[in-house]
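Enquirer: The structure follows.
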Amino acid sequence: MGAAEQTKNRQELVDVQGFELYERLGEGTMGVVFRARHLFTDQIVALKVLYPILAGNLTYLQRFRAEAEAATHLNHPNLVRVYGYGQRALTHFIAMEYVEGINLREMLRREGALSEPTVAAIGMCVASALHYAWETVRLIHRDVKPENLLVAQDGRLKLCDLGIAKRMASKPGDAPLTRTGYMLGTPHYIAPEQLKGAKELDCRVDIYSLGATLFHAVTGQTIHTAENEFSLLMKQATEPVRDPRDAMPGLNHEFAALLLQMLDLDPARRPADWCVVYDALFDIYQKLNVEKNTTQVRFSTAGGNGPGAAQPL
């Protein structure tokens, strides 16, 4: 990275005290992400800085901070760690684990559709991570998509961008953290009820988004196509998803059936929870491995009940 780019980064984020900023890694619905070094610990992190338009909403910031703090309690091998939330003057930021590697979208650009066992393994990783997040702090992600699935150099898959997650009531009587009127998510992967602004959401919005992501990964195509974003959003909200075997005729029929169930317009007809999704993917993965004689994933059940940590190799 040239000196001019470094200077631009420092000028743009002059109030992020305590960090040395390097290259811009990307930007999304919430803000800009930089690779940075913590000056006191020398740790390399991914530093997400909120857009100023969001930083000007006090109610939003209070909720965002509470949700970011909830994410700091999560420690799972398939989740990018959230280290903490900070503020310097009008600049608000989150420090996260920096993952050296590429995201799933970039992998799809390079390689096209991925093998069925690989895609099943990816789904198991995400199901394991989000089961853990849901059971631990009642967290739903709300923006599961290929860009947010990182493949590290050691082969481990990690789900990132918990900064826009929504924490639901943790026990009876608790007030859930909500963002009335603020739609988050990405058009090709967003659940219909989320798109319509439903106030009561649960893990089934993430199950839908994972289904859309796996559909894309295994067929090389998104679930809907449209000439413009408005038409796409209308399809997402009202049009049943086509059978993935239309795009990939040889796709395992059990895998296709699971994707269609995950992508049902009615959340009541989707898998009820992450355990159901994980178990179905595990069975599919095992069958595919027997048929294709491949090894794509290893498991660890350390840390409690429910889906174990999974990572593609």
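What follows draws every value from the coordinates through simple rules; no lab data is involved. Computed from a prediction, not measured in an experiment: that's the story for all the values here. Positions of Cβ are backbone-derived with ideal geometry, glycine not excepted, and every protein chain shown enters the neighbour counts.
Enquirer: Checking the table K145/K287; K145/K196; K48/K145; K48/K235; K48/K158 against a 21 Å threshold on Cα-Cα, which pairs fail?
Expert: Working: K145/K287 26 Å; K145/K196 19 Å; K48/K145 18 Å; K48/K235 32 Å; K48/K158 17 Å.
Beyond 21 Å: K145/K287; K48/K235.
Enquirer: Any idea what log10 I(q)/I(0) is at q = 0.15, 0.17, 0.22, 0.23 Å⁻¹ for segment 29-115, Debye with uniform C-alpha scatterers and no solvent?
Expert: For segment 29-115 at q = 0.15, 0.17, 0.22, 0.23 Å⁻¹, log10 I(q)/I(0) is -0.67, -0.82, -1.13, -1.18.
Enquirer: Here is a follow-up. Just order 276-287, 239-250 by mean Cβ neighbour count inside 10 Å, highest at the front, would you?
Expert: On the way: 276-287: 19.6, 239-250: 14.6.
Order by mean packing, descending: 276-287, 239-250.
Enquirer: Further question: Taking other Cβ within 10 Å of each residue's Cβ, how do C203, C275, C125 sort, fewest first? Walk me through the numbers on the way to the answer.
Expert: Details: C203 25, C275 15, C125 28.
Taking fewest neighbouring Cβ atoms as first place, the list is C275, C203, C125.
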